[in-house]
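Read-outs: derived from the displayed coordinates by stated rules, not from any lab. Please read these numbers as outputs of a predicted model, since none were measured by experiment. Virtual Cβ from ideal backbone geometry, glycine too; neighbours counted across all protein chains shown.
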Amino acid sequence: MTDNPFDPVTLSKITNMELRARLVVDGVLSGIHKSPYKGSSVEFLEHKEYSPGNEIKHIDWKALARTDKYYIKEFEEETNLKCYMFLDTSGSMGYQSTGVSKFEYAATLAASLAYLLLNQSDFVGLISFSDRVQQYIPPRSRLAHLHVLLNALTGLKTAGKSNISGILSEFVEKIGRRSLIIIISDFFDDTDKIIRQLKYFQVKKNEIILFQILDPYELTFPFETITFFESMEDDRRILADPKAIKDRYLSEINRFTEQFKQVCLENQIDYWLIDSSMPLDQALIKFLARRESTLRPLHKP
């Protein structure tokens, strides 16, 4: 067993998701040379008309007395990034070989990103889904919102098929301009349909980051003996000789990931393939360091 505290198996022993996320983030911020995260002020910017859903505490009562209209004060923190995090809970995400499941890794990644974003006063929302939306938590910026998100992540289970493009279509009108959309999934779905849906979000100047989480056995296919292979999303089950199909399987999985990576590159979508055996701090440090080196900090797409 590795002594690395950021090893996925070691992290999984920390049942409290907030402690787990905090450990990862502290490790990341101490491991990267210069953090791309900047604090944000809460200076008053301007008025805007009150609309249902705005916080009452921001109503400018003096403006109401002068104009007989409701206005709220818009603060700098309210102009910060809104992040919508989509987390795949379909059956295939429950797969694990010798470490943790893809889903547990994905959930810890989501928790760590939420912790980072909320600590810089950005807004974070969570959409968990399979073939339908399991739970939608609208974006909020208060640190107390972190507990809501982490409690939701802790209670999620994997089941059912994935329908990423269908889920995205439900949020085209809900997500405004210049938001950050993060999707964490194995993307065992129709990637052409996914890309087509993502283009609708790009029209509104939204930035998109895709994290494809795959188990090391899915990437290397190390099976040796006659094995039953079972689908985790339906009743399919086949008996096969791994040695007879290994070369073809590896060719297909490599083609799948490379084509997906290429189409993301062509469409200016940030794509990351992560092996679920990779320590979480390493995965995040590589991600954040590259964004910093290309002058694209996380909170300013």
- [ ] Along Cα→Cβ, 7 Å out, is where each label goes; now give me the distance between the ones at S169 and F221 in nm to one decimal.
- [x] 3.2
Task: Cβ-Cβ FRET estimate between H147 and E230, R0 fixed at 35 Å, reported to 0.05 - done: 0.45
Task: Calculated FRET value between A289 and I245, using beta carbons and R₀ = 30 Å, to 0.05 - done: 0.20
Open item on the list: If you take every residue apart from T158 with its C-beta less than 12 Å away from the C-beta of T158, what net charge results, scoring Lys and Arg +1 and Asp and Glu -1?
Closed with: -1
- [ ] Please tell me which of these pairs span more than 27 angstrom C-alpha to C-alpha: K82/K193; K13/K243; K157/K205; K205/K261; K13/K157; K102/K243?
- [x] K13/K243; K157/K205
